[in-house]
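The block underneath contains the structure these notes are about, expressed in structure tokens.
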Amino acid sequence: MASTVSDRPGYGQLLRTPGAWTFLLPGFAARQPFAMLTMGIVLLVQHTTGSYGSAGAVAAVSGVSMALFAPQSGRLADRFGQRAVLLPGVLLHSVSVGALTALALADAPLWALFAAAVPTGASIPQIGPMVRARWAALLGGTPGQPASPLMSTAAAFESVTDEFTFVIGPVLTTALCTGVHPAAGLLAEAGLTLLGGVLFAARRSTQPVPRSAAVEETEPHRSALSVPGVRVLAVTFLGIGAVFGGMQVSLTAFAEETGHPGVNGVLYGIFAAGNMLAGIACGAIAWKSGPRRRLIVGYLALTLTASGLWAVHSVPLLAGLGLLVGLCIAPALISGYTLVEALVPASARTEAFTWLTGAVALGQAAAVTVAGQLADAHGSSFGFMVPTAGTALALATLLTLRSRLVPRASGRTVARGIGHREPVTVD
């Protein structure tokens, strides 16, 4: 239930947080390339090989590589600081993208493109999780005091920013690849990554304090994934990734089946608009119910709406149902990210956020592959079953293991040996 008091926390109050703008603007520029990479790879490789299958495979290798290596990047950022990880990371990424581009233009064999796609994906800078960790550092409660109610607003703000990025990025990449040169999208992605990453890393005053070497010597180093709740959230976010991936492929197949391929962009835009609108609304409300309950309710709604996609056969109905699916995604994402603050100590939050971001990417890569095969063999209706199955399995896991999304009663967090802290209300 939402609060209606006039002094509820909102975006205006959030953006007046001291130091926020020093990392928000460079953070937005630095995360923009994240939404450009996949489209840039697909357009360039398809141009040089003439095969969408090869282009999709190279992009999938990059996405899986990112999902596997992102948590390690987050773990290093927690240990040594974001700047220490980000600067060499953006340099490696720029070089890797340049190598992939050169190989594609030189008509290199597919295995060489796969080899170049691995470091390209592995070195994608995790700006979104780093920004979320900075918000948590600014708004998180001190020992004995709960976190600011603006934490949920910050999670909503970041969800909207992510979605806005994925609206702009593919459009910009497509315009560059079709209007300038097939390699222009990837080269722009590499340049923006380098420039935005360096500017973001320069904002040292707002980065979370790295875990001290003294604490590291006295307490064993444990991954954020050792927290049971993070594992549950990772499975939950895999299901959300299945929605993104399944919708991308199945909407394209549906548009082609109906004889109106141009409607694909409209349908996906409506789906993305629903996600953005729900994110904006969630951040403007001070919720009385805790994030765990909101996550369960939101995920149940997401599963129910996604389960009807396969049965829709008209453009207007699919547009309406796609809007509803998009409206259900943001509450689930925001609640999951908000739970991280309660479950994970500050010294492990960047890693925790990257596990969730990686889970979405992994679920999306798997869904694109499976939905594509089903759509090719049986039509778009079977492709739409991928979001249904993904969310249903994740919901079953969430309901079965929901007790793990509550901090331990003693207030003592298990990850990395962090000591006593006041429990945060999550239900």
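Scanning region 341-386 for residues that are in a helix (DSSP H, G or I) and of a type in the set (Val, Ile, Thr) turns up Thr350, Thr354, Thr357, Val360, Val368, Thr369, Val370, Val386. Of the listed requirements (1) under 25 Å from Leu225 (Cβ atoms); (2) under 16 Å from the mean Cα position of the chain (by Cα), Gly81 misses just one: (2).
Looking only at region 29-56, residues that are at pLDDT 80 or above, farther than 28 Å from Gln207 by Cα and open to solvent by 10 Å² or more (accessible area, probe 1.4 Å) come to 3 in all.
Out of everything in region 263-278 that is touching a residue at least 12 places away in the same chain (Cβ under 8 Å) and out of contact with any Leu (no Cβ under 8 Å at 6 or more places or on another chain), what residue ends up being nearest to Thr161 (Cα to Cα)?
Initial filter on region 263-278 (touching a residue at least 12 places away in the same chain (Cβ under 8 Å)): 263-264, 266-278.
Now drop any that are not out of contact with any Leu (no Cβ under 8 Å at 6 or more places or on another chain), which leaves 263, 266, 269, 272, 276.
Details: Val263: 25, Val266: 20, Gly269: 15, Ala272: 12, Met276: 8 Å.
Selected residue: Met276.
Right, Leu317: over 18 Å from Leu398 (Cα atoms), open to solvent by 10 Å² or more (accessible area, probe 1.4 Å) and touching a Ser or Thr at 6+ places or on another chain (Cβ under 9 Å) or not? Before the answer, list the steps.
Details: over 18 Å from Leu398 (Cα atoms): yes; open to solvent by 10 Å² or more (accessible area, probe 1.4 Å): yes; touching a Ser or Thr at 6+ places or on another chain (Cβ under 9 Å): no.
Criteria not met by Leu317.
Screening region 320-341 for residues that are of a type in the set (A, V, I, L, M) and open to solvent by 10 Å² or more (accessible area, probe 1.4 Å) and picking the one that is farthest from the chain's Cα centre (by Cα) gives Leu321. Taking (1) over 21 Å from Gln46 (Cα atoms); (2) over 24 Å from the mean Cα position of the chain (by Cα) in turn, Leu92 satisfies each apart from (2). Scanning region 387-416 for residues that are open to solvent by less than 40 Å² (accessible area, probe 1.4 Å), modelled with pLDDT under 60 and outside any loop (DSSP other than H, G, I, E, B) yields Ala415, Arg416. Phe384 falls short of the stated requirement of being buried (at least 24 other Cβ atoms within 10 Å of the Cβ) and either more than 17 Å from Met247 (Cβ to Cβ) or modelled with pLDDT under 80 (or both). Here His93 clears all of (1) closer than 30 Å to Arg292 by Cα; (2) assigned to a helix (DSSP H, G or I); (3) at pLDDT 80 or above except the condition numbered (1).
Taking region 11-35 as the range and being out of contact with any helix residue (DSSP H, G or I) (no Cβ under 8 Å at 6 or more places or on another chain) and more than 21 Å from Gln82 (Cβ to Cβ) as the test, the residues that pass are Gly12, Arg16. Here the condition is being crowded, with 24+ Cβ neighbours inside 10 Å, modelled with pLDDT under 80, in contact with a helix residue (DSSP H, G or I) (Cβ under 9 Å, 6 or more places away or on another chain) and among the polar types (S, T, N, Q); of Thr350, Thr369, Thr354, it holds for Thr350 alone.
Cβ separations smaller than 6 Å between residues 6+ apart or across chains give the following pairs from region 177-195 residues that are of a type outside the set (Ser, Thr, Tyr) to residues that are buried (at least 19 other Cβ atoms within 10 Å of the Cβ) and part of a loop (DSSP other than H, G, I, E, B): Glu189/Met36.
The values are calculated or read from the model by the stated rules, or taken from the named source; none is laboratory data. Predicted, not measured: the structure shown is a model, and the values here were computed from it. Here Cβ is always computed from backbone atoms with ideal geometry, including for glycine, and neighbour counts include all displayed protein chains. Surface accessibility is based on the protein's heavy atoms, side chains included, excluding ligands, DNA and RNA. Shrake-Rupley method; radii C 1.70, N 1.55, O 1.52, S 1.80 Å.
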